[in-house]
Amino acid sequence: MKINYKLIGEGKETVLFLHGWGANLNSFLFCENALKNNYKLLLVDFPGFGESEKLNNVFSVFDYALEIFKLLTKLEINNVNIVCHSFGGRVAILLSTIFNLKVNKLVLIDAAGIKPRFNLKTKLKIFNYKLKKFLNKFKFINFNLSSYGSEDYKKLSAIEKQTFIKVVNFNEVKYCKQIASKTLIIWGRSDCSTPIYMAKKFKKSIANSKLIIIKNAGHFCFLEYPSVVVEELESFLMFN
């Protein structure tokens, strides 16, 4: 499948950047000037995003990771550092564990992959949706389910919706425990999409890891405080 990518910069080491859901490779262009003189920077659009080929079948996290692995193989890259945000973290965790790929250092920025905690209200809403969906299988009942889900979810195609559901329900804690790479975890304290307890869970699950929390930052801490994130990246990649 066609994967759009940019390979820029100089240096012996390659840094692979993996963007979040709904974003594209431009998410990490703010790192270019700071890192391109010392590293090769590989920025990619995941399948179905940016200028990469659209999905023609339902994808799992493994499928996304496999496509990135195929690209790395094509480019003859088998030794990388990975920097990822949100959904990109899901893919990076699999690339770091179950593929024949040497990942020297891993940077998780407000990453996804931890099973979320739900309060009672959310649990009841989920139960209500699942119950109505089950009852809709019977021809004499027809509940309208269009009000469920976020606005972004409602805009997705049928294949994209099934892919999204498959992705968000994939719990990667057991893979986190297999990560051998030195890992830096960067998190916005006010992140509501992947709350701070997830960062602490990553820290606990990944043996050789360090957690940096950025105050007053949310899910996109790297865009809110780019200079802070770049400084942490440079230090981690070069010295730690």
Fill in the blank from the handout: Note to self: with every protein chain in place and a 1.4 Å probe, region 155-240 gives an accessible area per residue in Å² of 55 Å²
Practice task
Please work out how much length the chain gains when fully extended from ASN26 to ARG189, using 0.36 nm per residue of separation minus the C-alpha to C-alpha distance, in nm with one decimal.
Solution key: 56.3 nm
Fill in the blank from the handout: Expressed as a percent, the accessible surface of region 1-107 that is carbon or sulfur, using a 1.4 Å probe and the full set of protein chains, is 46 percent
Problem - Within region 1-125, percent of DSSP bridges classed antiparallel, to nearest 5 - result: 25 percent
Practice task
Please give the contour-minus-distance gain from GLU231 to ASN216: 0.36 nm per residue of separation, less the Cα-Cα distance, rounded to one decimal in nm.
Solution key: 3.6 nm
Exercise for the section: Among the aspartates and glutamates, select those whose C-alpha is under 16 Å from the C-alpha of LYS2, and discard any that sit fewer than 8 residues away in the same chain. Expected result: ASP45, GLU51, GLU53, ASP63, GLU67
Exercise for the section: Work out the FRET efficiency for ASN38 and ILE165 from their Cβ-Cβ distance, taking R0 = 45 Å, and round it to the nearest 0.05. Expected result: 0.65
Practice task
Enumerate the residues in region 1-34 having an amide nitrogen under 14 Å from the point lying 7 Å beyond the Cα of GLU51 toward its Cβ.
Solution key: 2-8, 24-27
Practice task
Would you work out what percent of the accessible area of region 187-240, with all protein chains in place, is carbon or sulfur (probe 1.4 Å)?
Solution key: 54 percent
Practice task
Take every Cα pair under 8 Å in region 2-56 that's 6+ residues apart, average their separations, divide by the length, and report that relative contact order as a whole percent.
Solution key: 50 percent
Exercise for the section: Could you list, in their original order, any pairs among LYS174/LYS204; LYS40/LYS102; LYS70/LYS174 whose Cα atoms are separated by more than 20 Å? Expected result: LYS70/LYS174
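The values are calculated or read from the model by the stated rules, or taken from the named source; none is laboratory data. On a predicted model such as this, the values are computed, not experimentally measured, just so you know. Every residue, glycine as well, gets a Cβ built from its backbone with ideal geometry; the counts of neighbours run over all protein chains shown. Side chains included, ligands, DNA and RNA excluded: accessible areas come from the protein's heavy atoms. Shrake-Rupley method; radii C 1.70, N 1.55, O 1.52, S 1.80 Å.
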